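See below for the structure under consideration.
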Amino acid sequence: MSTHLYTVSLNEADMLGFFFRHYDPWVDRYYIYDDGSTDGTLELLRAHPRVTLRKFDRVHPDSFVDSHRVMQNESWKESRDVADWIVVTAIDEHLHCPGRTMRDYLDLCAAKGITCVPALGYNMIAEDFPSPDALLHETHTRGATDPVMCKLGLFDPQAVVETGFVHGRHAAVPTGRIKYPERDELLLLHYKNLGRERTLKRHQFLAAGLRERDKANQWGHHYHWSAEEFSAGWENMAAKAVDITQGNPEEHGLPMSSRWWRQPPL
C-alpha cells in the first residue's frame, strides 16, 4: 500500500529530522514545495532519496495563505491512480494513531472502506527544544487540544474528487466517495511550540512572509504578537496541556461538537 505526502517547506532544517523519522516508516514518496529556504533545508531535502523537491509558486502574489491553499487543494491530484493514500500536512504536523502503527491503521481503514480520515488536533508544547534524535510522539507528549487544529490530512485519492480545504486547512468540504471512520482515533500533533525562544523567533520570521491580503484577513495574526502577547499565549497553552498518552480526546476537551466533519451540512 503506497502513501504520498505533500507539504511546503521554509527554513525547516531544525525540524526535518523529526519529520522524516516520524513519516519514513509509512510514507513512500514526499513532494515538498520549498518557499525559498536559506538555512540548509534544501540540502537536506535533496539528500533524502524519497523526496521530489519543487519550488512553491505564489500564485496569489498578495497572499501566502491563498497560494498555500491552492497548492494543498491541487498538488496531490498527480498521485491519483498511483498512491493508495495521500497525506497533506505541514513539516511540524505529525499524524499519529495511538496503539497502532500507521501502516496497520491504513490497512484497517482500507478494509472498512474509509476514504477520509480527519485528525484530532493538539498544539504540542515544550519549554526546551528536543534532542535531534527524538521521536516526538514518544518523547514529547504534552499538548493542548485545539478544534482549529482538527484537520483533514489523510485520504484516498481514488475516492476524493476535491478536498475543499479552507484557509490553513482548518476545515474541509471534500467531495466524491466520502466515508469517515466511525470512531476518531487519528491525532494531529502540531509541534510548532518546541522551545519558547525558538518559537518566538520562528513567529517573527514567518510574519515577514505574509502579504497584504493575509494581513487584511488577519491570517497568521499571532505571528505579529509582541513578546508580551506571545508569552501570555504560551503560558495559557502550557496551562491547558495534557499528556496525550493519558485519557481520551473527549476528556481532553475535544467533544463531538468541536469536530467539523461530525456536524450536519448547512
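The set of residues in segment 11-34 that are part of a loop (DSSP other than H, G, I, E, B) and more than 24 Å from TYR105 (Cα to Cα) comprises ASN11, GLU12.
Residues ARG29, ARG21, ARG46: which one is under 18 Å from LEU154 (Cβ atoms) and either in contact with a strand residue (DSSP E or B) (Cβ under 6 Å, 6 or more places away or on another chain) or not hydroxyl-bearing (Ser, Thr, Tyr) (or both)? Let's see the steps before the verdict.
Numbers: ARG21 fails: under 18 Å from LEU154 (Cβ atoms); ARG46 fails: under 18 Å from LEU154 (Cβ atoms).
Only one candidate qualifies: ARG29.
Close contacts from segment 95-108, counting a first residue that is closer than 14 Å to MET1 by Cβ and a second that is surrounded by 13 or more Cβ atoms within 10 Å (Cβ to Cβ), with Cβ to Cβ under 6 Å and a gap of 6+ residues or different chains, come to MET102/TRP26; ARG103/TRP26; TYR105/CYS97; LEU106/TRP85. Checked against (1) modelled with pLDDT of 95 or more; (2) assigned to a helix (DSSP H, G or I); (3) aliphatic (A, V, I, L, M), VAL8 passes all but a single condition, namely (2). Highlighted here are the strands (runs of 3 or more DSSP E) found entirely within segment 35-119 that include at least 2 residues which are of a type outside the set (Asp, Glu), touching a Ser or Thr at 6+ places or on another chain (Cβ under 7 Å) and surrounded by 14 or more Cβ atoms within 10 Å (Cβ to Cβ): 85-88. Tell me, which residue of segment 237-266 that is in contact (Cβ under 8 Å) with a residue 40 or more places away in the chain and in a loop (DSSP other than H, G, I, E, B) is surrounded by the fewest Cβ atoms within 10 Å (Cβ to Cβ)? Restricting to residues being in contact (Cβ under 8 Å) with a residue 40 or more places away in the chain and in a loop (DSSP other than H, G, I, E, B), the top hit is THR245. Look at segment 44-63: where a residue is under 17 Å from ASN11 (Cα atoms) and a partner is β-branched (Val, Ile, Thr) and surrounded by 15 or more Cβ atoms within 10 Å (Cβ to Cβ), sitting 6+ places away or on another chain with Cβ atoms under 6 Å, you get LEU45/ILE32; LEU45/VAL51; VAL51/ILE32; LEU53/ILE32; PHE56/VAL8.
Would you mind finding the one in ARG142, ARG58, ARG69 that is charged (D, E, K, R) and closer than 17 Å to LEU187 by Cβ?
Going through ARG142, ARG58, ARG69 in turn, just one is charged (D, E, K, R) and closer than 17 Å to LEU187 by Cβ: ARG142.
Confirm whether TRP234 is in contact (Cβ under 8 Å) with a residue 24 or more places away in the chain, touching a Phe, Trp or Tyr at 6+ places or on another chain (Cβ under 7 Å), of a type outside the set (S, T, N, Q) and not in a loop (DSSP other than H, G, I, E, B). No. Looking across segment 2-50, the residues that are on the phi > 0 side of the Ramachandran plot and touching a helix residue (DSSP H, G or I) at 6+ places or on another chain (Cβ under 9 Å) come down to ASN11, GLY40.
The values are calculated or read from the model by the stated rules, or taken from the named source; none is laboratory data. The shown structure was predicted, so the numbers you read here are calculated from the model rather than taken from an experiment. Neighbour counts run over all protein chains shown; Cβ positions are idealised from the backbone, glycine included.
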